[in-house]
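The values are calculated or read from the model by the stated rules, or taken from the named source; none is laboratory data. Please read these numbers as outputs of a predicted model, since none were measured by experiment. So basically every Cβ, Gly included, is an ideal-geometry build from the backbone, and we count neighbours across all protein chains shown.
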Amino acid sequence: MLEQPWQDQDQLLRANEITHEALSELLRSQSAIKTGQRLRGGLAPLVRRRLHDYIEAHLAQNITLGTLAQLACMSEFHLARMFRISFGMPPSAWIAARRVERARGLLRAGRLPLQQVAQACGYADLSHFSHRFSAAVGAPPGRYRQVVSDLKS
């Protein structure tokens, strides 16, 4: 973990999650677990909606596990576990997917400069946005916009 670049928001959130996952694994290894037992539970519908709405409204900003835990009125450790059960992925992955989805919508909708799309989706710079978008979609943002506009015509 020490050698990872933890400068941007997504990476810091992921580092926080890794820490909690490691702690969870340590606790699990020290407790008696019945084989074949599934994780149950998850977040209450109201809490899921609150987190979803907050994340959507703040995608352009730094979203921390601590902030989400405060919104849910639970510890970071418990939130990370319940979030994964409720949303099917850890908070960092879900937030990253939401950012890419917002970027796709902005790229389809108009001619906003790529730098402004990157900022609206919470990316520190155009290079980071392009790298993340390309990894998720399979094409850089400029090319994606071009293909989508060609399909509209």
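Per-structure values
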{"item": "Positions within region 98-131 being in contact (Cβ under 8 Å) with a residue 24 or more places away in the chain and part of a loop (DSSP other than H, G, I, E, B), in sequence order", "result": "CYS121, GLY122, TYR123, ALA124"}
{"item": "Those residues of region 70-95 which are in a helix (DSSP H, G or I), of a type in the set (A, V, I, L, M) and out of contact with any Leu (no Cβ under 9 Å at 6 or more places or on another chain), in sequence order", "result": "ALA93"}
{"item": "Scan of region 132-153 for residues that are over 24 Å from the mean Cα position of the chain (by Cα), assigned to a helix (DSSP H, G or I) and of a type in the set (Gly, Ala, Ser), ordered by number", "result": "SER149"}
{"item": "Evaluation of THR67 against (1) among the β-branched types (Val, Ile, Thr); (2) over 15 Å from the mean Cα position of the chain (by Cα); (3) at pLDDT 65 or above (one fails), failing number", "result": "(2)"}
{"item": "Of residues in region 58-92 being in contact (Cβ under 8 Å) with a residue 60 or more places away in the chain and among the small types (Gly, Ala, Ser), the one nearest to TYR144 (Cα to Cα)", "result": "ALA60"}
